[in-house]
Amino acid sequence: MHDSGGNREKKPARRPSTERTAQRDPERTRAAILEAATREFAENGMGGARVDAIAERAGTNKRMLYHYFGDKEQLYLKVLEEAYVGIRTAERALHIGDRSPEEGIGELALFTWRYFLQHPEFLSLLGTENLHRARWLRQSIRLKELHSHLIGELSQVLEQGKKQGVFIETADPLHVYLTIASLGYFYLSNQYTLSTIFGRDLIEPANLSAWERHIVHVTLASIKR
């Protein structure tokens, strides 16, 4: 029935469409999609991640996701690249070359461990990509440039330590970084199984602090004269 008084029910004001919002602030939309995709890929892997879920998390739609990133595989590669950019950029800010050789290596060890603790999604992404044998990572030229800087700076610190008679002549920058990264990665990626097997909660603050000191000690002990 029509209202005899001529009053009609007012329709609620229409909200701006997702696409219009995205067009007004494309950088914000891209960032939201990347953040949502990082969580989705970290939680579900490449195979289990769903584009619908990423779009929903980001508060956008699949059309905008495809517009900015092409497809699921290209988005996954972008997530991987940004994850590595994050840690490599933070490493540069350490300026380990401005410290004494021992302090520089110790600072890198501390930073890497703490970064792994604060960014569990990074470890999850590493696990996923290793399951796929670095299928997507091999496609990135950008990452090779990032890692060459890390090895270059680490090499300089080790060379300085060798000249000062602090480090052994065979100290290798890749071996040093693998020592640091593996001690942190193995501990955290296997925390549940190791805690269960050995009956010790590895994530208790006291145990985390003890392992942090252990990483620094082992890394330096492996290269010191």
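The values are calculated or read from the model by the stated rules, or taken from the named source; none is laboratory data. Being a predicted model, the structure only gives us computed values, none of them experimental. Positions of Cβ are backbone-derived with ideal geometry, glycine not excepted, and every protein chain shown enters the neighbour counts. Surface areas here come from the heavy atoms of the whole protein model, side chains and all, with no ligands, DNA or RNA. Shrake-Rupley method; radii C 1.70, N 1.55, O 1.52, S 1.80 Å.
Observations
- Residues that are open to solvent by less than 30 Å² (accessible area, probe 1.4 Å), over 18 Å from ARG213 (Cα atoms) and touching a Lys or Arg at 6+ places or on another chain (Cβ under 9 Å) within segment 85-123 comprise just one, VAL85.
- Number of positions in segment 159-177 that are within 26 Å of the chain's Cα centre (by Cα) and either surrounded by 16 or more Cβ atoms within 10 Å (Cβ to Cβ) or under 21 Å from GLU82 (Cα atoms) (or both): 3
- Subset of segment 126-142 (residues that are under 15 Å from GLN74 (Cα atoms) and open to solvent by less than 40 Å² (accessible area, probe 1.4 Å)): GLU129, ALA134, TRP136, SER140
- Given (1) without any contact (Cβ under 8 Å) to a residue 40 or more places away in the chain; (2) farther than 19 Å from GLU145 by Cβ; (3) open to solvent by less than 30 Å² (accessible area, probe 1.4 Å), index of the condition THR60 fails: (1)
- Answer from GLN164, GLN191, GLN160, GLN156 - the residue that is in contact (Cβ under 8 Å) with a residue 12 or more places away in the chain and in contact with a Leu (Cβ under 7 Å, 6 or more places away or on another chain): GLN191
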